[in-house]
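Input: a single structure, listed below in structure tokens.
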Amino acid sequence: MTEWIVVLAISAVATAAWCGSVLGLPGNWLIVALAAGAWYLAEPGTPLTIGPGVLLTLVLLAATGETLEFLAGALGVKKLGGSRRSTWLAVLGSLAGAVLGFVVGSGIPVVGNVLMSLLGSALGAFGGALYGERTAGSDWEPALQIGGAAFIGRLLGTASKLLCGAMMLIIFLAAIWI
């Protein structure tokens with residue numbers, strides 16, 4: 001009986017971790033940490049027993065999600081000729097926007113935090129890239145295009161990371177429940 005309560009609690013933590021990925025938190029890596037803990041600590045034959053193949057799959061999916069998230073935004077800025085400074089400011093703006101969006105979204109029941117954090121992250125990337133280009137001397141039109149690329153790239157990158165995280169969550173939950 002107690003082991004099923006532990007499985008339920010770990011399932012809830014893993015699900016919350018995946019939701020935290022929307023905010024830019026390392027939720028996918030927390031799922032990996034939970035799986036690694038289960039792999040190392042669980043007694044053989046108990047529900048929390050995780051095989052090394054499952055653990056390796058989760059690590060690869062987490063790394064893929066992080067890579068896609070970073071590359072999508074950075075490649076959008078670089079493809080349009082944005083500076084390295086704009087790329088980094090887009091990343092920093094994205095983090096700040098995610099936090100601000102989370103706070104603003106607190107007034108919207110159920111999904112407000114998640115949606116506003118995602119939108120805030122993309123707007124922050126846009127603002128960071130735009131600011132980086134304008135302070136580097138670019139005209140408004142190319143700076144706006146580079147900011148738009150950062151916006152779209154951030155949305156696509158976050159969607160890719162969340163997709164990898166959803167696959168991780170399904171694999172992890174299947175491994176401990178089935």
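The values are calculated or read from the model by the stated rules, or taken from the named source; none is laboratory data. Please read these numbers as outputs of a predicted model, since none were measured by experiment. Positions of Cβ are backbone-derived with ideal geometry, glycine not excepted, and every protein chain shown enters the neighbour counts.
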Since GLY81 meets every condition but one in (1) in contact (Cβ under 8 Å) with a residue 12 or more places away in the chain; (2) farther than 15 Å from GLY157 by Cβ; (3) of a type outside the set (Ser, Thr, Tyr); (4) buried (at least 16 other Cβ atoms within 10 Å of the Cβ), which condition does it not meet? (4)
Spot the failing condition for VAL77; the list is (1) within 26 Å of TRP18 (Cα to Cα); (2) of a type in the set (Val, Ile, Thr); (3) modelled with pLDDT under 90, and only one is missed. (1)
Does ALA38 qualify as being hydrophobic (A, V, I, L, M, F, W, C) and modelled with pLDDT under 90? yes
Looking at GLU141, GLU66, which is the one that is charged (D, E, K, R), part of a helix (DSSP H, G or I) and in contact (Cβ under 8 Å) with a residue 60 or more places away in the chain? GLU66
So, of the residues in segment 8-28 that are part of a helix (DSSP H, G or I) and touching a Ser or Thr at 6+ places or on another chain (Cβ under 9 Å), which turns out to be nearest to LEU169 (Cα to Cα)? ASN28
Surrounded by 15 or more Cβ atoms within 10 Å (Cβ to Cβ) and either not hydroxyl-bearing (Ser, Thr, Tyr) or not in a helix (DSSP H, G or I) (or both), is that true of GLY45? no
When the residues of segment 149-178 are narrowed to those that are of a type in the set (Gly, Ala, Ser) and buried (at least 16 other Cβ atoms within 10 Å of the Cβ), which ends up farthest from ILE31 (Cα to Cα)? ALA149
Mind checking which residues of segment 144-178 are under 30 Å from TRP39 (Cβ atoms), more than 18 Å from the chain's Cα centre (by Cα), of a type in the set (Val, Ile, Thr) and in a helix (DSSP H, G or I)? ILE176
